[in-house]
1. Between B:31, B:66, B:10, whose Cα lies farthest towards the positive end of the dipole of the stretch B:5-73 when Lys and Arg beta carbons carry +1 and Asp and Glu beta carbons carry -1, centred on the Cα centre?
2. For the stretch B:3-111, place one equal point scatterer on every Cα, skip the solvent, and apply the Debye formula. What is log10 of I(q)/I(0) at q = 0.14 Å⁻¹?
3. What residues have an amide H closer than 5 Å to that of residue A:38, excluding those fewer than 5 places away on the same chain, when H is modeled at 1.01 Å from N in the peptide plane?
4. Mean residue ellipticity at 222 nm from the helices of the protein assembly as shown, using -39,500 (n - 2.57) per DSSP H segment of n ≥ 4 over the full residue count, to the nearest 500 deg cm²/dmol?
5. About its Cα centre, what dipole magnitude does chain B give when the only charges are +1 on Lys and Arg Cβ and -1 on Asp and Glu Cβ, stated in debye to the nearest 20?
6. Regarding the stretch A:266-399, what are the three Cα extents along the principal axes, ordered largest first, in Å?
7. For residue A:591 and residue A:289, compute 0.36 nm times the residue count separating them, minus their Cα-Cα distance, and round to one decimal in nm.
8. Given R₀ = 30 Å, FRET efficiency for residue A:303-residue A:363 by Cβ-Cβ distance, to 0.05?
Amino acid sequence: MKLDAKIPTGPLETKWSRYLSEIKLVNPANKRKYEILVVGSGLGGAAAAATLGELGYRVKCFCYQDSARRAHSISAQGGINAAKNYQNDGDSVYRLFFDTIKGGDFRAREANVYRLAELSGAIIDQCVAQGVPFAREYGGQLANRSFGGAQVSRTFYARGQTGQQLLLGCYSALMRQVDTGMVSLFSRREMLDVVMVDGRARGIVCRNLVTGEIEKYAADAVCLATGGYSTVYFLSTNAVNCNATAAWRCYKKGALFANPCFTQIHPTCLPQAGEGQSKLTLMSESLRNDGRVWVPKAKGDKRPPREIPESDRDYFLERKYPAFGNLAPRDISSRAAKEACDNGYGVGPTGFSVYLDFAEAIERLGDNVIRERYGNLFAMYHEITDEDPFKQPMRIYPAPHYTMGGLWVDYSLMTTIPGLYALGEANFSDHGANRLGASALMQGLADGYFVIPATISDYLADNRPDGLGTDHDAFTESVNGINEQVSSLLGVNGSKSVRDFHWELGRIMWEKVGMARNEKGLTEAISDIQALREDYWKNVKVGGSNEEFNKSLEFAGRVADFIELGELMARDALDRAESCGGHFREEYQTSDGEALRNDEEFCNVSAWEFKGVDKYPELHREFLEFENIGLSQRSYK
Amino acid sequence: MKYQIKVWRQKNPDDTGKFETYTVEDVIPEMSFLEMLDLLNEQLIKRGESPVEFDSDCREGICGTCGIVIDGMAHGPKRACTACELRMRNFDEGATITVEPFRARGFPVIKDLVVDRCAFERIMAAGGYASVNTGSAPDANTMLIPKYIAEKAMDSAACIGCGACVAACPNGSASLFVSAKVTQLSLLPQGTPERGRRAVRMVEQMDREGFGNCSNHAECEAACPKSISIENIARMRREYMKGALSD
Ligand SMILES: Cc1cc2nc3c(=O)[nH]c(=O)nc-3n(C[C@H](O)[C@H](O)[C@H](O)COP(=O)(O)OP(=O)(O)OC[C@H]3O[C@@H](n4cnc5c(N)ncnc54)[C@H](O)[C@@H]3O)c2cc1C
Ligand code: FES
């Protein structure tokens, strides 16, 4: 298979407009004859479904929650970037593009990222028109803040609930199309397979999560906006139901999976309290603006933090990265914290956390200023841990947060399966090896509101509706496959719960395919995961039946897929013999411990093709060319 | 720590349902209420019994998926806190804790603690939006909105759609939920052109779904995990009157 990203020719600045003027369009009167399935109702899915409905296509939108409004996008806190330059501080489309490419450590496609930056402004316009209550200045203009170490203020926000407000904006646009009859919603449905006819994606098969019925849906195109796969680590900042199943089943049908090992670990999360933990809560990164990160200088120092004198404290970020200090990028800060704990300097009951101390800031600015800035975060922390950050330092620890990898897509967001598109976090396209803060929301909405609605017409115009029904053999085959899997899962009836396996997988992934990876660990991870997979199909206990509401069964299918995905992540990490962004291979670092890229051999996207569960997948490389930005080494010293 | 959990078991919508009591051990104070239920379910699955089904997703109080009645209170005893945020340290060691689904005519039980809240979706489809097609919006800063208005709109927009207001209301009214959306959009200029029609349609849809009327008990405000104020309901009534009269 030859990977062709189909990037339009011509200068970067005109590629998108040129693409738009050259693609084929569907005649307005014919649009309603097309049926499009959108799987997912997060920012990517809801925006796409609403906009496609507005354009006149018939749309069905699916999600596994009880309501489309609950997609995981709802929990994004910090904000959304846009190159509006409302602050007149030198921002531009080019600068946002540049920051994103550099932040991604030169592993993203220039053309896609430029388009993203170009569309960012229109996203804000759209959201405001829907009634999203962004923060404002006294004069009534939109307010901005600087986020994640950016040198300009380009982040728009709605208190600490930006994701919620953006999603409710999309959701209202979606409900408007439900009202007009253009979009039908199918909640509590889990897509379990993509159906292919003559090599094209022509439908999906879902499990109705209330009745257990396996349902078939035929269509002219399928858009996947099913989110990321951080929950492969079991504990992450993602919602507990987030999973990789939809994307994984498409991978098994021939869609390539790109850069699976590119994951982002967020430095400021609440530490794990015990084995019963179900997720890790993210604390806004803004806390690092005023908090200082430290551990005791002596291993196992059990004194209460306030009794440890300055001279016995190691402010390790300030020490190692004097220029950026506590604001060092996410990957660097996360790695430094894990290293401190692995070496025995960690604090708290488990020894797996570091202090984030506000004492100095409180002293300098006073309680009130700190309360104004972080009051709600302090309260949330206090509630969860029973410790008051005004009286003692917070304890934080890194947690898996975002996955840059995903289904490989070309410039039009089509996967390697014709008629199957991937958008939002489910695709791999824009963030390279590391995503910048406030850029995921931007990408989800760009894909959903502006990219897909335009690019899909080029495909649909060539592939006219042909009346394909769900009685086609391909649907029957797919349903049979799913029924078989469901009954084998229920039939094992072993002694360990699905959660036991997920927990164990998470442990392997965190230890060996987490923040710092090496050849030995990755090789072990692969065999550990294979052994886990074998054990799974012999020892898992699911319980209940298919014909009922059965959460354990839902999770059982997802964990089966996570185990396979975990193995692919380890293989990808092993193959990529360099360090870049969130992928840190211990063998490849500079003399002072920084990521060392190998542009000679790895300036590429690694896209994997499924060859069978027990077979080595085939690697395809898409070489990345940097025509507008020179390759350079990141430095945060 | 150890607790007795008295929980509602109902196999399906047609089952009459009953309480069962289980003992849960090894609970730690930092655990959330839902993690305690996870622990119970692990024990049940391993004993070959069917786990207690309940809904949850974000587990940090923002998605509105979780929603159960704990000791007679929607989301439990702590104010401004969802069930997923509630920590076990709020319960005395050894206590018997009663857990039930949200009960309301508009929210039929699916299984155990899981209810069907699709009625909210249908109410939203009856006008809970500002009509604007993608791509047709003017530059965002051409419309100036005073800060205090934006903040007020945000107070209402903070609703997570969990349905605790319905479960807490003696009449099973959805007024707090509906009024929060009506208020958000009627405060903002973007929502103004459709405000009358929106209020009328959403309120009528709420009635059609079998939710009761508001008779000012204010239980909804007390139960709301986002502290949405009943002032919203007063505004909704005004909007409804204006809308109905101008029709
Ligand atoms: C705590 C947290 C804070 C964040 N903060 C920020 C921030 O401040 N700024 C920023 O830019 N980004 C942030 N992010 C990242 C960002 O929120 C996500 O990357 C983004 O929202 C993903 O959107 P999405 O539409 O791709 O997927 P999601 O919102 O995850 O939606 C996935 C949808 O797919 C559906 N689905 C999945 N699988 C199936 C299936 N098999 N069948 C049917 N339906 C399915 C789900 O039901 C859901 O509707 C944050 C992430 C987290 C976890
Ligand atoms: S699970 Fe999301 S609010 Fe409780």
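1. Positive-end residue among those listed: B:10.
2. -0.53
3. A:60, A:61, A:62, A:223
4. Values: 26 runs with 316 residues, N = 884.
Calculated mean residue ellipticity at 222 nm is -11000 deg cm²/dmol.
5. So the magnitude is around 860 debye.
6. 37, 37, 30
7. Numbers: separation 302, 0.36 × 302 = 108.72 nm, distance 2.83 nm.
This chain segment gains 105.9 nm when fully extended.
8. Values: r = 20 Å, r/R0 = 0.68.
With R0 = 30 Å, the Cβ-Cβ based efficiency is 0.90.
Every read-out reported here was derived from the displayed coordinates using simple, explicitly stated rules and does not represent laboratory data. Everything quoted here is computed from the prediction, not taken from an experiment. Every residue, glycine among them, receives a Cβ derived from its backbone with ideal geometry; neighbour counts consider all protein chains shown.
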